[in-house]
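S.K.: The following block contains the structure, expressed as structure tokens.
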Amino acid sequence: MRVRKKGGGIRKKLLRKYFYTIFVCFWAGMAIISLWARNAIYNSILETSMQEFMQINNAVENRISQYYYVSYMIQNSRIVIESMQKENGEGTGKYYAKRNIEAQLAVLTGALSLYPITLYLDKGTLYQDNITFHSISELEDYPEFAAFRKSESSYIWLMPEKIRMTNLARPVEAFPFIRKIGENTDPIAFQKVCIRKEEIQDLIIPGGAKASVYLYSQDRDLLLVKEGADCFPDEEEKYLSEFSREWKGDSGWTVFQSRYGDYYVHAQLVKGTDWLMVMMIPKLFFLDGFLRIFAIWIILFLVLILIYRRFDKRYTADIVDRIRHLQQEMGERLEDRVEDPGEGIIGDRDELDVLEDYYKDMLGRMQALHTSRIADERDKRKLELSLMQSQINPHFLYNTLDLINWKARNVNNEEISDIACKLADFYRLSLNQGREIVRIRDEIEQARNYIDLQNYRFDMDIDLIIEIPDEMMDTQIPKITLQPLIENAVQHGFLVKEKREECEIEVYGWREEEGLILMVRDNGEGMPQEVLDGILLAHGSEQHGYGIRNIDERIRLYCGRDYGLRFESRLGEGTCVYVKFGGSLEETATE
């Protein structure tokens, strides 16, 4: 006894298939989105970070250009140059020259809110007050000053240093640069301009929460760093310094690998300085975008599940109820039911499986009924033919014809003897000892006997022409196939003609892929179209006899619905009949 499986049925199968489909679509979608979103997210973040980097770089360059502008104005100021050329011994003139320089510096630095600029002069020029005016000898403490003084360069950047201003309580770190005053090859003095480090640092806003920006000197010493949330580890900064030293001026993003992970790095020189600005973004930052997409995809998956549950309660349950009702109706109408619908669903079977069993059972019954009807029809045709043939007593007929033959021979009447012999052969071939399948050779012999008898009867000269290959002569066909067609040609083709000369009946045979073709063609009177259209129909004209339709039905019964007779006729020209056989027949002429 089979046990009912709880929770089975079509609803469970649909739910399981739905989950399988959603699961496959979920991971397939994740794979496609990962391939597509990876490039999209990477390109979007890198492009945005590049724009922010350029904004930072431009802001720093704009601020540097302001200091450059002031130092350039001082370098080329006629008042400053002429005042510095005053000698110490000029007394009042020296004082006013000093005041002119201080006033000029105050105007230039005050307009841009810059720190006071320090001037370095020879001892023989204006006196040094150690506030604005200093001795050039102080610059000689910088290692790079000696080479700069002899070069044609107008400025040089120094390493960061601590400076103390009168308005500040504590020293501040600044980025100084020295610029010549006067000709670059023969300067009369030098100016030192200091940019506070915090001022530059405030201009640097890293691209995104996880980006870091580094500023390196000409010697690639670290000047400034503004770190993001995932800053670069301190012990790894030396590797980044090596990267800055090896930088070849690449304009794009470069992947920088370290033991702490991979980073995207972009570097660019700050215009007007020897600084190198570097932005670095950890690769882990890009995973945030994927995690957000993954979360959205999970939510969508859950929403689809909820939608299906609602759909299942509203629609699937109703469909299943209808199927079960139909299943029960079919079960009640079949005597031998496949399964009792009241027992429920067994194993993995569902309502559709049970309904399918009912349908197959019903289809089998219909097929058996159809086969039975075909067999009954075949038996009916055989019975009709047997009844038609049994109307003649073979023994009485043969004995009578034999008597006529001998009587004719006794009076030397060869014509009557020949007629009796041919008639005997004709009926012998027609009866064929009860067999329904004969050779084409036997059908041709019967046709010749029939033509000879008709020529005797109507005093005609009908010519029967046979064009059938010898290898086809032993092919098996249903008996009494050609004779009714030839009889139809004589009765309705030749006897209705006014002139009965040159009457010919041609019989051709050949093979095709679908079977065997025999063609019977005469040059008789032909048939009108209305007779031709109804000749094979049950309600067709009776003047062509029962035999034509009987031939067609017997061929279809043996060979199938695609085989049988096909007529072509032209009134006044003749008729052509195509007889199509297929396959091998069940009986043989030798039985």
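S.K.: Which is outside any helix (DSSP H, G or I), under 17 Å from Gln491 (Cβ atoms) and either touching a strand residue (DSSP E or B) at 6+ places or on another chain (Cβ under 7 Å) or at pLDDT 85 or above (or both), of Met519, Met527?
M.R.: On the way: Met519 fails: under 17 Å from Gln491 (Cβ atoms).
Going through Met519, Met527 in turn, just one is outside any helix (DSSP H, G or I), under 17 Å from Gln491 (Cβ atoms) and either touching a strand residue (DSSP E or B) at 6+ places or on another chain (Cβ under 7 Å) or at pLDDT 85 or above (or both): Met527.
S.K.: May I ask you to verify whether Asp425 is under 26 Å from Gly524 (Cβ atoms), outside any helix (DSSP H, G or I) and either open to solvent by 30 Å² or more (accessible area, probe 1.4 Å) or at pLDDT 85 or above (or both)? Show your work before the answer.
M.R.: Details: under 26 Å from Gly524 (Cβ atoms): yes; outside any helix (DSSP H, G or I): no; either open to solvent by 30 Å² or more (accessible area, probe 1.4 Å) or at pLDDT 85 or above (or both): yes.
Taking the combined requirement at face value, the residue does not satisfy it.
S.K.: Right, something else. Residues in region 194-204 that are in contact with a strand residue (DSSP E or B) (Cβ under 8 Å, 6 or more places away or on another chain) and either within 17 Å of Pro160 (Cα to Cα) or open to solvent by 10 Å² or more (accessible area, probe 1.4 Å) (or both): how many?
M.R.: Adding up the residues that qualify gives 7.
S.K.: So, in region 142-163, how many residues would count as being among the charged types (D, E, K, R) and out of contact with any strand residue (DSSP E or B) (no Cβ under 7 Å at 6 or more places or on another chain)? Even if it seems obvious, please write down each step before you answer.
M.R.: Step one: of region 142-163, the residues among the charged types (D, E, K, R) are 144, 149-150, 152, 161-162.
Subset that is out of contact with any strand residue (DSSP E or B) (no Cβ under 7 Å at 6 or more places or on another chain): 149-150, 152.
Of the residues in that region, 3 qualify.
S.K.: Look at Gln476 and say whether it is touching a residue at least 40 places away in the same chain (Cβ under 8 Å), out of contact with any strand residue (DSSP E or B) (no Cβ under 9 Å at 6 or more places or on another chain) and surrounded by 18 or more Cβ atoms within 10 Å (Cβ to Cβ). Give the steps one after another, and end with the answer.
M.R.: Numbers: touching a residue at least 40 places away in the same chain (Cβ under 8 Å): yes; out of contact with any strand residue (DSSP E or B) (no Cβ under 9 Å at 6 or more places or on another chain): no; surrounded by 18 or more Cβ atoms within 10 Å (Cβ to Cβ): yes.
Taking the combined requirement at face value, the residue does not satisfy it.
S.K.: Which residue is nearest to the chain's Cα centre (by Cα), if the candidates are limited to region 171-193 and must be closer than 20 Å to Leu224 by Cα and open to solvent by 20 Å² or more (accessible area, probe 1.4 Å)?
M.R.: Top of the filtered list is Glu173.
S.K.: Which of the residues belonging to region 454-473 are without any contact (Cβ under 8 Å) to a residue 24 or more places away in the chain and either part of a helix (DSSP H, G or I) or open to solvent by less than 30 Å² (accessible area, probe 1.4 Å) (or both)?
M.R.: Asn455, Arg457, Asp470, Glu471
S.K.: For region 281-292, which residues satisfy the criterion of being modelled with pLDDT under 75 and surrounded by 15 or more Cβ atoms within 10 Å (Cβ to Cβ)?
M.R.: Selection gives Phe285, Phe286, Gly289, Phe290.
S.K.: Still on this structure, I have one more. Looking at Leu352, Leu334, Leu302, can you tell me which residue is surrounded by fewer than 16 Cβ atoms within 10 Å (Cβ to Cβ) and at pLDDT 70 or above? Walk me through it before giving the result.
M.R.: Details: Leu352 fails: at pLDDT 70 or above; Leu334 fails: at pLDDT 70 or above.
Answer to the selection: Leu302.
S.K.: Looking at Lys210, is it modelled with pLDDT of 85 or more and farther than 20 Å from Ala146 by Cβ?
M.R.: On the way: modelled with pLDDT of 85 or more: no; farther than 20 Å from Ala146 by Cβ: yes.
Considered against the rule, which asks whether it is modelled with pLDDT of 85 or more and farther than 20 Å from Ala146 by Cβ, Lys210 comes out as no.
S.K.: Here is a check on your reading of the model: is Arg554 part of a helix (DSSP H, G or I) and either at pLDDT 85 or above or crowded, with 18+ Cβ neighbours inside 10 Å (or both)? Even if it seems obvious, please write down each step before you answer.
M.R.: Working: part of a helix (DSSP H, G or I): yes; either at pLDDT 85 or above or crowded, with 18+ Cβ neighbours inside 10 Å (or both): yes.
Here the answer is yes, as Arg554 does meet what is asked.
S.K.: Mind checking whether some residue in region 462-473 is modelled with pLDDT under 90 and of a type outside the set (Val, Ile, Thr)?
M.R.: No, every residue in region 462-473 fails to be modelled with pLDDT under 90 and of a type outside the set (Val, Ile, Thr).
S.K.: Quick check on my filter: what residues within region 476-516 are assigned to a strand (DSSP E or B) and either within 18 Å of Tyr558 (Cα to Cα) or under 60 Å from the mean Cα position of the chain (by Cα) (or both)? Show your work before the answer.
M.R.: Pass one, region 476-516, residues assigned to a strand (DSSP E or B): 476-478, 504-512, 515-516.
Within region 476-516, Gln476, Ile477, Pro478, Val507, Tyr508, Gly509, Trp510, Arg511, Glu512, Gly515, Leu516 qualify.
Residue-by-condition table, conditions (1) modelled with pLDDT of 70 or more; (2) open to solvent by less than 80 Å² (accessible area, probe 1.4 Å); (3) closer than 19 Å to Phe175 by Cα:
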{"position": "Ser71", "(1), (2), (3)": "yes, yes, yes"}
{"position": "Val80", "(1), (2), (3)": "yes, yes, no"}
{"position": "Gly91", "(1), (2), (3)": "no, yes, no"}
{"position": "Lys98", "(1), (2), (3)": "yes, yes, no"}
{"position": "Thr109", "(1), (2), (3)": "no, yes, yes"}
{"position": "Ser113", "(1), (2), (3)": "no, no, yes"}
{"position": "Ile117", "(1), (2), (3)": "yes, yes, yes"}
{"position": "Glu138", "(1), (2), (3)": "yes, yes, yes"}
{"position": "Ala146", "(1), (2), (3)": "yes, yes, no"}
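S.K.: For region 53-67, does any single residue satisfy the condition of being within 20 Å of Val193 (Cβ to Cβ), modelled with pLDDT under 80 and in a helix (DSSP H, G or I)?
M.R.: As a first pass, look at region 53-67 and keep what is within 20 Å of Val193 (Cβ to Cβ): 59-67.
This time we only want the ones that are modelled with pLDDT under 80, so: none.
Among the residues of region 53-67, not one is within 20 Å of Val193 (Cβ to Cβ), modelled with pLDDT under 80 and in a helix (DSSP H, G or I), which makes the answer no.
S.K.: With modelled with pLDDT of 75 or more and either part of a helix (DSSP H, G or I) or out of contact with any helix residue (DSSP H, G or I) (no Cβ under 6 Å at 6 or more places or on another chain) (or both) as the only criterion, which of Ile444, Ile392 stands out?
M.R.: Working: Ile392 fails: modelled with pLDDT of 75 or more.
Result of the check over Ile444, Ile392: Ile444.
The values are calculated or read from the model by the stated rules, or taken from the named source; none is laboratory data. These numbers come from a predicted model, not from an experiment. Don't worry about glycine lacking a Cβ; one is built from the backbone with ideal geometry, like all the others, and counts go over all protein chains shown. Each accessible area value is taken on the protein alone, full model and side chains, heavy atoms only, with ligands, DNA and RNA left out. Shrake-Rupley method; radii C 1.70, N 1.55, O 1.52, S 1.80 Å.
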